[in-house]
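I have placed the structure first, in the form of structure tokens, so that the comments after it can refer back to it.
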Amino acid sequence: MKIILKQNMEKIGQVGDVVEVSDGFARNFLIPQGKAISFTIGNFKQIEYLKKREAEQREGELKEVKELAEKINNISLEIKVKAGEEGKLFGSVTSKDIVEALLREHGIELDKKKLNLKESLKKLGVHTVPVNLYKDVTPQIKVNLISDSASEQETEDTKEE
């Protein structure tokens, strides 16, 4: 069945794309959820008009996204975590933890789904995490995982002196 997408769908297409999907997927999921409409000439013309309006809006958004990407590229987050002697963490640092640290330290709010973190971070050190802000705009955040016990030992050493 031919449909016109009303939302960006990963692995299917972008808004306004005319795609061929199975009848059941279209009738039972995409159309009832409002993510697509059936393909007709009238619907196609209407979507083309909406695409033009969205293209104008996207230009403004792209400028804002590039400014945000510039900020994110210059960021180096430090997250204190509990770790063993070999540098392995007790637990792990997930995209949620990184997003919370980004908001707390730099006031930048991101959706955790935008972080392209294949696996949660499980070792101390500097890690580079790509951020999918827009189609071709993927800045990288440097995340430095520091042992929490090392900072506690430093404070204990200064107290003893």
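Details
- Filter pass, SER95 being assigned by TED's automatic domain parsing to the domain that holds ASP136, without any contact (Cβ under 8 Å) to a residue 60 or more places away in the chain, of a type in the set (S, T, N, Q) and surrounded by 13 or more Cβ atoms within 10 Å (Cβ to Cβ): yes
- Scanning segment 1-53 for residues that are among the aromatic types (Phe, Trp, Tyr) and farther than 27 Å from LYS113 by Cα returns PHE39, PHE44, TYR49.
- Only one of the numbered conditions (1) of a type in the set (D, E, K, R); (2) surrounded by fewer than 12 Cβ atoms within 10 Å (Cβ to Cβ); (3) touching a strand residue (DSSP E or B) at 6+ places or on another chain (Cβ under 7 Å) is not met by ASP17, and that is (2).
- So ILE72, is it touching a Leu at 6+ places or on another chain (Cβ under 9 Å) and in a strand (DSSP E or B): no
- Evaluation of LYS45 against (1) at pLDDT 90 or above; (2) exposed (fewer than 11 other Cβ atoms within 10 Å of the Cβ) (one fails), failing number: (1)
- Count of residues meeting criterion [outside any strand (DSSP E or B) and touching a Gly at 6+ places or on another chain (Cβ under 7 Å)] in segment 99-131: 1
- Options GLU78, GLU54: the member that is in the same structural domain as LEU115 (by TED's automatic domain parsing) and either within 28 Å of PRO130 (Cβ to Cβ) or not in a strand (DSSP E or B) (or both): GLU78
- Failed condition for LYS96, given (1) part of a helix (DSSP H, G or I); (2) at pLDDT 90 or above; (3) farther than 16 Å from SER120 by Cβ; (4) among the charged types (D, E, K, R): (3)
The values are calculated or read from the model by the stated rules, or taken from the named source; none is laboratory data. Since we're looking at a predicted model, the values are computed, not measured. With ideal geometry, Cβ positions are generated from the backbone for all residues, glycine too; neighbour counts draw on all protein chains shown.
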